[in-house]
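J.: Could you have a look at this structure, given as structure tokens, before my questions?
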Amino acid sequence: MLAQSDTSQRSSSVLSVRQLEDSLAEALTTWGEDSANIEPIYAQLGKLYADRVLDGKTDDRERETVLAETYLKRAIDIQKTYKRRSDLIHSLNSLAYMYKFLGYWDKAEALYKESLDELREEPYNKESISFIWGVLGDIERDLGNWDAAESLYRQSLQLSTELGGLDLIAEGNFDFALLEKQRGNLTLAKQYYNKAKTIYQQLGAIKDLEFIEKEWNLIEQSES
């Protein structure tokens with residue numbers, strides 16, 4: 001799955017970390033740490049710290065990773081208590097994506113599977129289900145579990161095809177291109193890669209096209 005397709009959604013807050021931390025302190029005094037009113041601040045702060053870790057915009061990655069984890073877990077606990085499923089899915093995906101970025105495969109996989117369970121309760125979120133299957137496939141591929149990765153990629157691509165989402169179909173073909181290249185099936189890998197390129201060209205998705213070309217070239221250079 002392409003990095004920019006993170007379903008957790010980047011934080012849209014225009015407030016700074018300091019402003020949000022100050023708001024949290026006030027909210028804790030007013031409502032207490034388990035209040036439904038405080039959940040959005042936990043979620044916002046957690047996402048903001050996670051984004052800083054992902055974007056490399058922190059001078060202390062270890063500290064801000066812990067803060068992202070702490071705040072998102074607090075948000076998740078409250079979202080479960082008050083059955084805020086949509087917010088819960090976003091928080092689970094935010095934390096899972098950060099774990100995946102940091103190479104914490106088991107933690108990321110567990111959270112993505114939990115997110116899938118929640119998404120199955122919301123049939124209109126099938127695109128997100130397709131995406132997460134693809135991300136789980138990425139994790140299995142990174143671990144060298146190629147058969148498991150193939151199974152997940154097939155589920156993702158089949159659902160994307162049923163939904164007609166060309167961007168996800170392109171991503172699915174690129175996933176298979178990377179998998180088959182790792183397996184040594186170079187001709188098949190190139191076929192999948194060309195399918196992904198063709199779709200992105202049709203969509204006019206220049207950034208996605210540039211991304212897969214860069215990734216493909218990096219792999220070829222590393223193998224030469």
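J.: Per 0.36 nm of contour for each residue apart, how much would the distance between Val17 and Asn217 grow if the chain were fully extended, relative to their Cα-Cα spacing?
T.: That pair, Val17 and Asn217, stretches by 68.2 nm at full extension.
J.: Could you give the longest part of the chain that holds none of the GluC sites (Glu not before Pro) found in DSSP loops with at most 14 neighbouring Cβ atoms within 10 Å?
T.: Working: sites that count: Glu33, Glu121.
Answer from the scan: 122-224.
J.: What number comes out for accessible area per residue over the chain if the probe is 1.4 Å? Units Å², please.
T.: Working: 11610 Å² over 224 residues.
Here the per-residue accessible area is 52 Å².
J.: Also, I was wondering about something else. For the range 9-88, what are the per-bin percents of Cα-Cα distances with bins 10 Å wide, up to the bin holding the maximum?
T.: Distribution as computed: 20, 52, 26, 2 percent.
J.: Just to be sure I understand: with springs between alpha-carbon atoms less than 10 Å apart, which residue in Thr29, Thr161, Thr198 has the highest mean-square fluctuation in the Gaussian network model of the chain?
T.: Sorting by GNM fluctuation, first place goes to Thr29.
J.: Hand me the trypsin sites (Lys or Arg not before Pro) from the range 103-211 located in a DSSP loop with no more than 14 other Cβ atoms within 10 Å, in residue order please. Intermediate values should be presented prior to the final figure.
T.: Values: sites: Lys107, Lys113, Arg120, Lys126, Arg141, Arg154, Lys181, Arg183, Lys190, Lys195, Lys197, Lys207; in loops: Arg120.
Listed in order of number, the matching sites are Arg120.
J.: Please give the helix 146-163 orientation as an angle from the longest Cα principal axis of the chain, in degrees from 0 to 90, rounded to the nearest 10.
T.: Here the helix axis deviates by roughly 80 degrees.
J.: Too long at a 25 Å Cα-Cα cut-off: which of Lys190/Lys214; Lys107/Lys190; Lys47/Lys100; Lys126/Lys181?
T.: Details: Lys190/Lys214 15 Å; Lys107/Lys190 32 Å; Lys47/Lys100 15 Å; Lys126/Lys181 28 Å.
Checking Cα-Cα distances, Lys107/Lys190; Lys126/Lys181 exceed 25 Å.
J.: Residue farthest toward the positive end of the dipole of the range 125-173, with Cβ of Lys/Arg at +1 and Asp/Glu at -1: which of Leu152, Leu163, Trp133?
T.: Leu163
J.: Among Ser128, Ser86, Ser160, which one shows the highest mean-square fluctuation when the chain is modelled as a Gaussian network with alpha-carbon springs under 10 Å?
T.: Evaluated over the chain, the most mobile residue of the options is Ser86.
J.: Against the longest alpha carbon principal axis of the chain, how many degrees, from 0 to 90 and to the nearest 10, is the axis of helix 206-223 turned?
T.: 70 degrees
J.: So what is the relative contact order of the chain, in percent, for Cα pairs below 8 Å that sit 6 or more residues apart?
T.: Values: 260 pairs, mean separation 31.6, N = 224.
For the chain, the relative contact order is 14 percent.
J.: Nothing charged except the Cβ atoms of Lys and Arg (+1) and of Asp and Glu (-1): what's the magnitude of the dipole of the chain about its Cα centre? Round to the nearest 20 debye. Could you put the intermediate results ahead of the total?
T.: Working: 27 positive and 40 negative charges, 63 e Å.
That gives the chain a dipole magnitude of about 300 debye.
J.: Okay, next question. Compute the Kirkwood hydrodynamic radius of the chain, taking the inverse of the mean of 1/r over all pairs of distinct Cα atoms, and give it in Å to one decimal.
T.: On the way: mean 1/r = 0.0537 Å⁻¹.
After inverting the pairwise mean of 1/r, the radius is 18.6 Å.
J.: So, one more: Any chance you could give the angle, 0 to 90 degrees and rounded to 10, that helix 39-55 forms with the longest Cα principal axis of the chain?
T.: Rounded to the nearest ten degrees, it is 40.
The values are calculated or read from the model by the stated rules, or taken from the named source; none is laboratory data. Just so we're clear, the structure is a prediction, and the values are computed from it rather than from any experiment. Glycine also receives a Cβ, built like all others from the backbone with ideal geometry; neighbour counts cover every protein chain displayed. These accessible areas exclude ligands, DNA and RNA; they are computed on the full protein's heavy atoms, side chains included. Shrake-Rupley method; radii C 1.70, N 1.55, O 1.52, S 1.80 Å.
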